[in-house]
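Down below is the structure, laid out as structure tokens.
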Amino acid sequence: MAALALAAYGTLAARAVLRRRTRQAADLVHRRDLDRLGAVAAELRAGLPVDGMFDGGTGRIARLARAAVRLADRTGAPLAELLERVEADARAADRGLAAAAAQAAGARATAWLLAALPLGGIGLGYAIGVDPVGVLLHTPVGGGSALAAVVLQVGGLLWAERLGVGPGRAA
């Protein structure tokens, strides 16, 4: 039973670390694309030629930049202005997503606090002279309770994570 609980919590922790690193890497690429978009717009305004500015990019910013290039080619609209508008819109969307993430942070923290609460209960049990881990691991009722607690905690954390996913982010 102890191995199952440790495996479940270890998997959750590893998953959280991996998702955070992936999200940070994607955010870094997104910010670099936005900075590059602004630099390209400035170079165009200065009259410098810019070739293949977003070739090979697969992100939303690269797709929008390629669409702006096609639009400018077809209609004669000023490309620098189109790119600046794309950049301004993307930065405004980022500010909105950051505000939503800040508001959801409290709910996420509460979910993790509730998941850690049983550790406090185990500590309290030892403080009053009981062996709660022995009861949880060596009695049928304790084992069933521990299994139910692990299942409910994992389900609750996954549910809280799902609820905390904002627009524009993968679940």
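The values are calculated or read from the model by the stated rules, or taken from the named source; none is laboratory data. Keep in mind that what you see is a predicted model, and the values were worked out from it rather than measured. With ideal geometry, Cβ positions are generated from the backbone for all residues, glycine too; neighbour counts draw on all protein chains shown.
Observations on the model:
- Residue within region 117-134 that is out of contact with any Phe, Trp or Tyr (no Cβ under 6 Å at 6 or more places or on another chain), within 30 Å of Leu44 (Cα to Cα), of a type in the set (A, V, I, L, M, F, W, C) and surrounded by 13 or more Cβ atoms within 10 Å (Cβ to Cβ) present: no
- Condition broken by Ala101, with the remaining ones in (1) out of contact with any helix residue (DSSP H, G or I) (no Cβ under 7 Å at 6 or more places or on another chain); (2) in a loop (DSSP other than H, G, I, E, B); (3) more than 30 Å from Ser145 (Cα to Cα) satisfied: (2)
- If the condition is being of a type in the set (A, V, I, L, M) and closer than 23 Å to Leu12 by Cα, then region 115-146 contributes Ala115, Ala116, Leu117, Leu119, Ile122, Val133, Leu136, Leu137, Ala146.
- Hits in region 1-52 (condition: among the hydroxyl-bearing types (Ser, Thr, Tyr) and either farther than 23 Å from Arg63 by Cβ or loosely packed, with under 11 Cβ neighbours inside 10 Å (or both)): Tyr9, Thr11
- Pairs, first touching a residue at least 12 places away in the same chain (Cβ under 8 Å) in region 142-153, second not hydrophobic (A, V, I, L, M, F, W, C), C-beta under 7 Å, six or more apart: Ala149/Pro118
- Looking across Gly106, Gly57, Gly166, one residue alone is touching a Lys or Arg at 6+ places or on another chain (Cβ under 9 Å) and at pLDDT below 90. It is Gly57.
- Residue among Gly129, Gly120 that is of a type in the set (Gly, Ala, Ser), over 30 Å from Ala39 (Cβ atoms) and assigned to a helix (DSSP H, G or I): Gly120
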